[in-house]
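Novice: One structure, as structure tokens, below. Some questions next.
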Amino acid sequence: MKVLTWNVLHRVHAENYGEPAIQRWSDEPERVRRVVDLVSKALRVDGFGAALLQEVSGDVLEALRDHLPTWAVLDHPYPRMPRQKRPGAPMRDLSEHLVVIAPEGATVLRAQTFASDPGKGVLAVTLPSGLVVASTHVSWGPKSEAQLATLQELFHASSAPICLGGDFNAEREVLVRAFGAEVVMGTLPPGSPRTRPAEDATGGADIDHLLVCRAELSDLRVLEHSELSDHRPVAATVT
């Protein structure tokens, strides 16, 4: 099954930190439409079986559900409401969610906000096939240690194969050390675009990852995203 993970960029965070993506896409409803179109095309046209999303605003969540009525659009809302520190584009719903889009019949296995950060967490979903897919957003810095330990526990919550994807705010080597040999980390091909590009479009970091336990991962790649977010989507095939 093909899976993608993508931090779609909550508009409030983008405004607060001056992300270039929202300067290119000043019309937030149009950006929302383009984000939803990209995800919808991946699922309905390109053959993806699940999408693992982070920083999903209430506006994006509503649009996803409107455009994907035959899919299960499952979410975990954070208790923290993003706070606008400066005037920005109007939004109807400022709430922030983790989202997993999966085939109908998928059920939530775990929905958790990390104790150390009210705006980070994990949403794990069991698919009708038995595969577990999970979307996560991990804090940068010292808070991540306990959060990665929580994710490690998720791998042992059941005997099912699991695919975990998300914005880990850390390079691959950090996760290899944290999760150990039983977890298979995806490796991007040489020359791939950075998953978190730098503002000047050169350099950047690879902090968005897909990894599996009791499964195999292949064909890892970075997808085009029309600069809709400060992160690029990452895709792979899970067997």
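Novice: Write down the Kirkwood hydrodynamic radius of segment 149-209, to one decimal in angstroms, obtained as one divided by the mean of 1/r over all alpha carbon pairs. Walk me through the intermediate numbers first.
Specialist: Values: mean 1/r = 0.0766 Å⁻¹.
Value: 13.1 Å, from the Cα pair sum.
Novice: Then there's this: Rounded to the nearest 20 debye, what is the charge dipole size of segment 171-231 about its Cα centre when +1 sits on each Lys and Arg Cβ and -1 on each Asp and Glu Cβ? Write down the numbers at each step before the final one.
Specialist: Working: 6 positive and 12 negative charges, 56 e Å.
Here the size comes out at about 260 debye.
Novice: Could you give the accessible area per residue of segment 127-239, probe 1.4 Å, as a whole number in Å²? Working shown, then result.
Specialist: Values: 5010 Å² over 113 residues.
For segment 127-239, the per-residue accessible area is 44 Å².
Novice: How large is the Kirkwood hydrodynamic radius of segment 110-239, in angstrom, based on all distinct alpha carbon pairs?
Specialist: Working: mean 1/r = 0.0659 Å⁻¹.
Mean inverse Cα-Cα distance, inverted, gives 15.2 Å.
Novice: Now a separate question. If you take every residue apart from Asp167 with its C-beta less than 12 Å away from the C-beta of Asp167, what net charge results, scoring Lys and Arg +1 and Asp and Glu -1? Mind showing how you got there, number by number?
Specialist: On the way: positive: Lys120, Arg196, Arg232; negative: Glu55, Asp206, Asp208, Asp230.
Its environment carries a net charge of -1.
Novice: Explain nothing, just the number: dipole magnitude of segment 78-204 about its Cα centre with +1 on each Lys and Arg Cβ and -1 on each Asp and Glu Cβ, in debye rounded to the nearest 20. Present the calculation step by step, with values, prior to reporting the outcome.
Specialist: On the way: 12 positive and 12 negative charges, 81 e Å.
That gives segment 78-204 a dipole magnitude of about 380 debye.
Novice: If I histogram all Cα-Cα distances within segment 9-139 using bins 5 Å wide from 0, what percent of pairs lands in each bin?
Specialist: So the P(r) values, bin by bin, are 2, 11, 21, 22, 20, 15, 7, 3, 0, 0.
Novice: Could you list, bin by bin from short to long, the percent of Cα-Cα pairs of segment 1-83 in 5 Å steps?
Specialist: With 5 Å bins starting at 0, P(r) equals 3, 13, 26, 25, 18, 11, 4, 0.
Novice: Also, I was wondering about something else. In cubic angstrom, how much convex hull volume per residue do the alpha carbon atoms of the chain span?
Specialist: Numbers: hull volume 27.6 nm³, N = 239.
For the chain, the hull spanned by Cα atoms encloses 115 Å³ per residue.
Novice: Can you give the Rg to Rh ratio for segment 26-65, taking only C-alpha atoms and Rh from Kirkwood?
Specialist: Working: Rg = 10.3 Å, Rh = 10.6 Å.
So for segment 26-65, dividing Rg by the Kirkwood Rh gives 0.97.
Novice: If you don't mind, there's one more thing I want to ask. Can you name the helices of the chain, as whole DSSP H runs, whose Cα span along the helix axis is 30 Å or more and whose Kyte-Doolittle mean is not below 1.0? Kindly include the intermediate steps, with their values, before the conclusion.
Specialist: Values: long enough: none.
Result, helices passing both filters: zero.
Novice: Write down the Kirkwood hydrodynamic radius of segment 59-103, to one decimal in angstroms, obtained as one divided by the mean of 1/r over all alpha carbon pairs. Write out the running numbers ahead of the final one.
Specialist: Details: mean 1/r = 0.0839 Å⁻¹.
Evaluated over segment 59-103, this radius sits at 11.9 Å.
The values are calculated or read from the model by the stated rules, or taken from the named source; none is laboratory data. Since the structure is predicted, the reported quantities are computational estimates derived from the model, not experimental observations. Counting neighbours? That spans all protein chains shown, and the Cβs are built from the backbone with ideal geometry, glycine included. All accessible areas refer to the heavy atoms of the entire protein, side chains included, with ligands and DNA or RNA removed. Shrake-Rupley method; radii C 1.70, N 1.55, O 1.52, S 1.80 Å.
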